[in-house]
Amino acid sequence: MDMRLEDWSDKLAFGIDVIDAQHKQLFELAASFEGNGDQIRVMKTLALLGNYVKEHFRDEEQLLELCAYPDLDAHRELHRTFRDMLRDLLADAGKMSLDEIADRVRYLINGWFYNHIMVADLDYVPLLKQRLGDTG
Ligand SMILES: [Fe+2]
Ligand SMILES: [Fe+2]
């Protein structure tokens, strides 16, 4: 799939603090792969990224459940797809070069995840704001 790669920017912020903070944190962690020459550290960061992603998806799904978001099942499925891709990367990483790992992370976060925020996550924003109040 042809996918644009984008860094975090404020246009990704929804004004829902807990979600925005987690989204931003994932981009920051992904950016830390650039120019990192230590295999052990890269593997640790990859595992950390996997944990952050799981945590974010769990929190987001809980919030969507709380707000009775009607497309939650489809959204969960997208999250599952992404967790699977990350799990595959973690499994492959041992036989990949650090540059290849950094490329895959960029594709996953700055491509897929960016796109997920801009399309799938964006879809729940009006409902969440309405249910949670606009104080963020
Ligand atoms: Fe999501
Ligand atoms: Fe999200």
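The values are calculated or read from the model by the stated rules, or taken from the named source; none is laboratory data. Just so you know, these numbers come straight off a predicted model, no measurement behind them. Positions of Cβ are backbone-derived with ideal geometry, glycine not excepted, and every protein chain shown enters the neighbour counts.
Just a few scattered comments:
- Residue count, the stretch 105-134 (criterion: within 12 Å of ligand 2 (Cβ to nearest atom) and without any contact (Cβ under 8 Å) to a residue 24 or more places away in the chain): 1
- Whichever residue in the stretch 65-79 is within 11 Å of ligand 1 (Cβ to nearest atom) and surrounded by fewer than 18 Cβ atoms within 10 Å (Cβ to Cβ) and, among such residues, is farthest from R41 (Cα to Cα): D71
- Restricting the stretch 42-77 to residues that are of a type in the set (S, T, Y) and assigned to a helix (DSSP H, G or I), the residue that is nearest to D103 (Cα to Cα) is T45.
- Any hit, the stretch 86-102, residues being at pLDDT 95 or above, touching a helix residue (DSSP H, G or I) at 6+ places or on another chain (Cβ under 7 Å), within 13 Å of ligand 1 (Cβ to nearest atom) and assigned to a helix (DSSP H, G or I): no
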